[in-house]
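Have a look at the structure below before the remarks.
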Amino acid sequence: MDDSQNYLLLAFRLLGSLALLMYGMKTMSDALQKMAGPQLRHVLGAMTTNRFTGMLTGMGVTAAVQSSTATTVMTVSFVSAGLLTLAQAISVIMGANIGTTLTAWIMSAGFSFNITDFVYPAFFIAIILIYRKSNRVVGDFLFGIAFMFLGLGTLRQTGIDMHLGENQAVLAFFSSFDPESFSTTLLFLLIGGILTMCVQSSAAVMAITMILCSSGVLPIYQGIALVMGENIGTTVTSNIVALSAGTQARRAAFAHMFFNLFGVCWILIVFRPFVDMVCGLVGYDVTMTKEAAGNAAFLANAAKLSFVLAAFHTCFNLANTGILIWFIPQIEKLVCKVIKQKVTEEEEESRLHYIQSGIIKTPEIAVLQAQKEIGVFGNRMQRMFGMVRDLLEEKDGDKFTKLYSRIEKYEGISDNMEIEIARYLEQVGDAHLSDETKWKIRQMMRQISELESIGDACFNLARTLNRHLQSQKEFTKHQYEELHGMMQLTDDSLTQMNRALSGRREEQNINETFRIENEINALRNRLKSDNIQAINDHEYDYAIGTMYTDLVAECEKLGDYVVNVVEARLGR
């Protein structure tokens with residue numbers, strides 16, 4: 001085989017092993033979140049009482065799920081829900097930056113010894129667990145770990161087979177940069193950022209850096225500059241993704257970028273001493289040269305470079321957090337000043353709050369986002385019903401028309417929300433899900449269908465009231481009082497429904513919903529009977545009586561839809 005074919009094969013091995021590494025990390029992260037998703041969400045919600053617990057929580061959750069993106073997305077959803085302030089979210093993101101450095105340590109371990117022999121038993125056990133459906137998620141987790149270490153092992157061997165340390169062209173290329181020059185550090189920082197943005201994986205860039213450094217080709221200072229660039233590149237990607245998201249998502253992404261940019265700026269001032277300190281901690285000799293120490297000693301020293309990179313990544317994020325954690329209120333003010341709230345009232349009424357198509361989520365987090373969105377849907381339907389109650393009181397023709405148009409617009413919003421949430425849940429349903437998550441999605445589909453029916457019922461009430469206005473006939477004082485009573489009960493049922501939608505399912509009780517529904521049914525039966533008697537006694541004509549009973553019957557129907565939503569939410 002000639003050199004060109006050999007290099008082509010090695011290039012494909014390099015790319016393939018990077019793909020294995022990235023796929024393995026994603027599979028492992030997804031499986032971990034399926035296994036511990038609800039618990040992680042509750043921890044994230046409960047353990048962020050101050051900036052320090054927030055930082056520790058972000059660090060722990062990210063180390064557990066091996067995905068700072070997943071932690072950041074969860075954090076943003078809590079900010080939007082009002083469970084976390086932006087300041088608390090910033091502390092969680094700082095912790096996530098520390099937690100994600102565990103990935104670099106795993107990779108450096110994979111580069112220090114050949115681990116591929118141990119992955120094949122893991123593949124065998126994983127496939128058995130996957131076919132045993134009760135342990136499928138554990139099998140996925142093992143599969144992810146096996147793929148990740150297979151990718152690392154193949155990368156390590158590919159790096160050895162490439163003989164980069166003996167390749168004169170590669171050595172000449174890197175030696176053409178002056179290692180003492182500040183501009184060289186900036187250039188490699190820029191290359192690291194661009195590479196990370198292109199491949200959208202900081203782990204892949206870290207792996208390439210480890211290969212180059214461990215083979216003795218890339219000096220440690222340039223390697224660390226690449227790692228610093230990777231830190232910035234990954235935040236640029238998240239900021240681009242967040243452009244299509246809500247204001248809070250953009251602010252959280254910008255805070256993440258500010259955190260890393262600030263860190264890179266001060267590290268550049270103390271670059272050499274800081275890197276030398278990290279090398280000293282690991283036991284790497286910065287001054288050793290191949291000519292002076294010999295090839296074997298030089299390569300043994302270079303083998304420690306993967307640990308130097310991991311140690312730098314950790315020290316950098318720890319030091320940066322140690323500085324910036326005291327200035328979280330100031331960072332919050334800065335990001336709010338840079339990214340202002342520009343949503344008009346009309347846009348606020350119609351847009352989705354939690355489901356953002358641009359942000360990539362794992363299924364476990366996607367289900368949380370969808371449930372939050374259903375909570376917004378429920379609140380909008382109660383707001384729409386409140387407009388119907390106002391419409392009953394409105395006597396001014398122009399104001400009535402304006403309010404009626406707004407209710408009509410809300411009916412369109414309810415249709416769109418049902419379609420958008422259903423489409424999102426269908427996309428989530430295409431993923432590899434646990435049985436519990438599939439069941440949750442089916443229940444959510446039921447909820448949005450019934451919520452849309454509530455919107456239809458509200459619009460039917462508005463149309464009946466419009467017909468009543470056009471008839472130029474008035475309800476009696478007694479009819480108004482009874483309609484107010486019926487609408488108050490209906491509104492109470494909607495309040496109870498929204499409590500069920502926004503709270504934890506395990507803490508909800510359906511008995512109060514049934515009690516209100518029974519009251520609504522009893523009132524409907526009495527008012528229908530009273531209406532027939534009043535028409536017979538000529539208290540009002542049949543046309544008014546028909547519109548009156550139509551309103552009563554529609555309120556009762558709306559109450560039925562509410563019961564269906566609560567039953568779907570509580571899994572009845």
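Return the subset of LYS409/LYS528; LYS395/LYS557; LYS399/LYS473 for which the Cα-Cα distance in this structure is over 24 Å, preserving the input order. Show your work: numbers first, answer last.
Values: LYS409/LYS528 31 Å; LYS395/LYS557 26 Å; LYS399/LYS473 18 Å.
Beyond 24 Å between Cα atoms: LYS409/LYS528; LYS395/LYS557.
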Give or take rounding to whole Å, what are the principal axis extents of the alpha carbon atoms in the range 527-572, in descending order? 48, 15, 8
Highest mean first, what order results for 8-16, 277-285 on Cβ atoms within 10 Å? 277-285, 8-16
Hey, with R₀ at 30 Å, roughly what FRET efficiency would GLU512 and LYS438 work out to, going by the Cβ-Cβ distance, to 0.05? 0.55
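Between GLU539 and LYS399, what FRET efficiency follows from the Cβ-Cβ distance if R0 is 22 Å, with the result rounded to 0.05? Can you show the working numbers first?
Working: r = 29 Å, r/R0 = 1.31.
Working from the Cβ atoms, E equals 0.15.
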Theoretical FRET efficiency, 1/(1+(r/R0)^6), r = Cβ-Cβ of LEU8 and CYS198, R0 22 Å, to 0.05: 0.60
Which distance in nm do the two modelled labels at SER449 and LEU261 give, with both placed 7 Å along the Cα-to-Cβ direction? 4.9
Measuring from a point 7 Å past the Cα of VAL338 along Cα-to-C-beta, which residues in the range 245-282 have an amide N at less than 18 Å? 245-268
Label-point gap, in nm, between PHE124 and ASP390 - each point 7 angstrom along Cα→Cβ: 7.0
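Quick note: the coordinates plus some simple rules give every number you see, no bench work behind them. Here the structure is a predicted model, which is why all the values come from computation and not from measurement. Heads up, the Cβs are rebuilt from the backbone with ideal geometry, glycines too, and the neighbour counts pull from every protein chain shown.
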